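Heads up, the thing below is written out as structure tokens.
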Amino acid sequence: MRDAVTGPRVLLKRLREVMAEPLDAQERLDKIVRHIAANMVAEVCSVYVLRADSVLELFATEGLNPGAVHEASLRVGQGLVGTIAATARALNLSDAQSHPAFAYLPETGEESFHSFLGVPILRSGRALGVLVVQNKAQRVYRDDEVEALETTAMVLAELIAAGELEGLNRQGTGLDLSRPLQLGATPLAEGIGLGYVVLHEPRIVVTDLFNEDADTEVARLRDALGRLRISIDDLLGRREVASDGEHREVLEAYRMFANDRGWVRRMEEAIANGLTAEAAVEKVQSDNRARMSRQHDPYLRERLHDFDDLAYRLLRELVGKPHGPIAEHITGDYIVVARNMGAAELLDYSKENLRGLVLEEGTATSHVAIVARALGIAVVGQVTEVLSMAESGNAIIVDGYDGVVHLRPAADVEAAYAEKVRFRAQRQAAYDELRALPSRSADGTDITLMMNAGLAMDLPQLEQSGAGGIGLFRTELQFMVASHFPKPREQEELYKQVIDAAGERPVTFRTLDIGGDKVLPYAQGLSEENPALGWRALRLSIDRPGLIRMQFRALFKAAAGKKLRVMLPMVTEVREVRTVRRIIDREIAILTRFGYNLPTSFKLGAMIEVPSLLWQLDELMDEVDFLSVGSNDLFQFFTATDRGNSQIASRFDPLNRAFLRALRFIVEKAQARGKPVSLCGEMAGNPLTAMALLGVGFKTLSMSPAAIGPVKAMLLDLDIAKLSDMLLPLIASPHREQTVRELLIDFAQANKVPY
Ligand code: PEP
Ligand code: MG
């Protein structure tokens, strides 16, 4: 038997020569299997490649019947080869025929071979094919032989990934790597994006697989590991991670892995077998992925991500590339694919051709999703394993309406989507035409349609959407996308920009609504059992008044000589409003003392988001100038239904009798006192739910800018009085068989109201 150390090294050297020869793909593959068989003293060496139709086809063989090449095939899961592909694990058998999974392929003539060693051809943990050696004698292959064959399989993975083997198979079926894939996703921002994949953390393509000198490579690996450990220690020493918290835990895990002897040993073994340090990192990581991605335990899957990150950092240390996303050299429409990313990182990409964002994780409340929505791009999240399947430059379609990703779409899917985009553009053009019309219902009631905003990049939408003003300006977004606490001057500048862009149109700023799910990356968060019910929004502002004081000062300065409207989020008790009022009075006194020009008028409002306010409306209205219902939170707390939990998303239906009764109650109370009341949650932006709101008496709605067109189209055809006559007795009456939603749809259809 060959020498355990020089054997694979000699083989890899031969393969390098074969790779450089001017051969066609089949000849190259034939030569590769001949070399492997000779080097491993095996009578048979065969390569099976996974086709797009999930069939493993024999692409080359030394030792089996040559006539079986491109004829013999097995489905994934079928026979020994199919089992290896399905499990992405090696099989090492001294008597292959007695294995329960053995499937006899008469055309190959393999019955005379007893021992069998098969390894998956892996790329990013995914099996692209299977490499097999067989011997007549019954023997068990040694561990170093298994390792050597796995290392050799990397060469084949590169050959397949480079597209060299496309078109070799007789049926003309594409290979698995080029297979169109449809992946399920959670929609996070509406829209459709067509373009090419840009990996947020581009895979480092290891082109140099074979080493010249193992000692040099081991030294390079150890050096890089040393630098990696130092950089992790550095991160751990930083002030922002110095205390306990999730971030720290992750880094601690990294430190542990970076010192994991097993990991380092496996990489050193791969180098001893002839790989470069980079190729060794990639090989060991691919094995890790294959092993761990079959785990269902979420904790272990999370650790896999940590390990992936670490291997990626190590590769970067080896190739000497700086860290961070690379957005250079992107031309044409593109879609960013990432595991997850911070909001600020998304803003590093040029907006011009950015068409969508696909996240392996990500939820609707992720900050990056909020920013992506402001950018107007399609976003989906929870796309399992997309990173191991997408290659840079692959064609991709993101459907942020239905929650689907099409990777390498077939031509007809692409054409259908191009049509869908055209259709939506036409519909948008029709909405644009409505912009100049007054927002008045068919029976003559004037309704104010406002838009929600939060970043400077939202402001052009004021003109484009035809909004009557900004009904909710979420000031926390500036804090969420920044890498540090925005300075008072930065806050003032943004507020001034907003007021200037709005001109005569009113703007309602909301004070900081942080805490809960809205975490600031640079501020030390509390670990709370129930963050939605925790130390957040106004509670935090009152306990740490420095923040809100600074914010009011910035708002008053920005609105000098103009009108200013501010509202408070998550008010729970009336006395909280009184406390804030005292803070405001003090700020006004200070600004006046220092000779600042003040706003010409100041109105303070309260958001109704906590059900307890429903029983304090009279006292509340003594303290504020206007009310705005935050229906997202009010519904969440009213019905104990988490707004961010996709598991119960179907229960988050605000067309709920009890909830509509509550909304009607608020409107009646406000009308009786002559206090303006609006609603600014997501239900204002959907034509059917917006119709219900008009039916219960709201005259002002604030919604995302893209929703104004569809809601206005509904309004223009709606007879509000007729709807109220139907709806109000309905919601006041006891429960009936038909849901409110069904009855509203019947009404809209019968009265030709677009919804
Ligand atoms: C709401 O809760 O309805 C609301 C408008 O506020 P946010 O979505 O920012 O919590
Ligand atoms: Mg809210």
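The values are calculated or read from the model by the stated rules, or taken from the named source; none is laboratory data. Because the structure is predicted, anything quoted here is derived from the model rather than measured. Here the Cβ positions follow ideal geometry from the backbone for every residue, glycine too, while neighbour counts run over all protein chains shown. Note: areas computed on protein heavy atoms with side chains; ligands, DNA, RNA excluded. Shrake-Rupley method; radii C 1.70, N 1.55, O 1.52, S 1.80 Å.
Kindly indicate whether Phe637 is open to solvent by 10 Å² or more (accessible area, probe 1.4 Å) and within 13 Å of ligand 1 (Cβ to nearest atom). Walk me through it before giving the result.
Numbers: open to solvent by 10 Å² or more (accessible area, probe 1.4 Å): yes; within 13 Å of ligand 1 (Cβ to nearest atom): yes.
So Phe637 passes the test.
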Tabulated pairs, the range 19-37, first among the acidic types (Asp, Glu), second part of a helix (DSSP H, G or I) and open to solvent by less than 50 Å² (accessible area, probe 1.4 Å), C-beta under 8 angstrom, 6+ apart or interchain: Glu21/Arg28
Residues satisfying the stated conditions in the range 683-708, i.e. open to solvent by 10 Å² or more (accessible area, probe 1.4 Å), touching a Ser or Thr at 6+ places or on another chain (Cβ under 8 Å), assigned to a helix (DSSP H, G or I) and of a type outside the set (A, V, I, L, M): Gly685, Pro705
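Considering only the range 206-217, I want to know if a residue exists there that is part of a helix (DSSP H, G or I) and surrounded by fewer than 18 Cβ atoms within 10 Å (Cβ to Cβ). Working first, answer last.
Step one: of the range 206-217, the residues part of a helix (DSSP H, G or I) are 214-217.
Next, only the ones that are surrounded by fewer than 18 Cβ atoms within 10 Å (Cβ to Cβ) stay: 215-216.
There is at least one residue in the range 206-217 that is part of a helix (DSSP H, G or I) and surrounded by fewer than 18 Cβ atoms within 10 Å (Cβ to Cβ).
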Complete set of residues in the range 615-630 that are touching a strand residue (DSSP E or B) at 6+ places or on another chain (Cβ under 9 Å) and away from ligand 2 (no atom under 16 Å from the Cβ): Leu617, Leu620, Met621, Glu623, Val624, Asp625, Phe626
Which listed residue is open to solvent by less than 30 Å² (accessible area, probe 1.4 Å), hydrophobic (A, V, I, L, M, F, W, C) and away from ligand 2 (no atom under 16 Å from the Cβ), from Val566, Val571, Val577: Val577
Residue satisfying all of: in the range 611-634; open to solvent by less than 40 Å² (accessible area, probe 1.4 Å) and of a type in the set (Gly, Ala, Ser); nearest to ligand 1 (Cβ to nearest atom) among these: Gly630
Identity of the residue in the range 492-529, away from ligand 1 (no atom under 16 Å from the Cβ) and among the polar types (S, T, N, Q), that ends up modelled with the lowest pLDDT: Gln524
Unmet requirement for Leu598, which otherwise passes all of (1) surrounded by 19 or more Cβ atoms within 10 Å (Cβ to Cβ); (2) over 30 Å from Thr639 (Cβ atoms): (1)
Hey, Glu190 open to solvent by 30 Å² or more (accessible area, probe 1.4 Å) and in contact with a Leu (Cβ under 9 Å, 6 or more places away or on another chain) or not: no
Residue within the range 511-523 that is loosely packed, with under 15 Cβ neighbours inside 10 Å, among the aromatic types (Phe, Trp, Tyr) and under 22 Å from the mean Cα position of the chain (by Cα) present: yes
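Could you list, in sequence order, the residues of the range 191-205 that are assigned to a loop (DSSP other than H, G, I, E, B) and touching a Ser or Thr at 6+ places or on another chain (Cβ under 9 Å)? Don't jump to the end; show me each part of the working.
Initial filter on the range 191-205 (assigned to a loop (DSSP other than H, G, I, E, B)): 191, 200-205.
Once the filter is applied, which keeps residues that are assigned to a loop (DSSP other than H, G, I, E, B) and touching a Ser or Thr at 6+ places or on another chain (Cβ under 9 Å), the range 191-205 yields Pro202, Arg203, Val205.
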Residue within the range 610-619 that is more than 19 Å from Leu679 (Cα to Cα) and touching a residue at least 12 places away in the same chain (Cβ under 8 Å) present: yes
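Suppose we keep only residues that are assigned to a helix (DSSP H, G or I) and touching a Pro at 6+ places or on another chain (Cβ under 9 Å) within the range 72-114. Which one would you say is modelled with the lowest pLDDT?
Initial filter on the range 72-114 (assigned to a helix (DSSP H, G or I)): 79-87, 96-98, 106-108, 110-112.
Now drop any that are not touching a Pro at 6+ places or on another chain (Cβ under 9 Å), which leaves 84-85, 87.
Values: Ile84: 96, Ala85: 94, Thr87: 91.
Top of the filtered list is Thr87.
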Candidates Glu391, Glu352, Glu345, Glu419, filtered to the one that is among the acidic types (Asp, Glu), outside any loop (DSSP other than H, G, I, E, B) and either at pLDDT 90 or above or over 15 Å from the mean Cα position of the chain (by Cα) (or both): Glu419
Pairs, first within 15 Å of Ser628 (Cα to Cα) and polar (S, T, N, Q) in the range 489-513, second within 16 Å of ligand 1 (Cβ to nearest atom) and open to solvent by 50 Å² or more (accessible area, probe 1.4 Å), C-beta under 8 Å, six or more apart: Thr508/Arg565
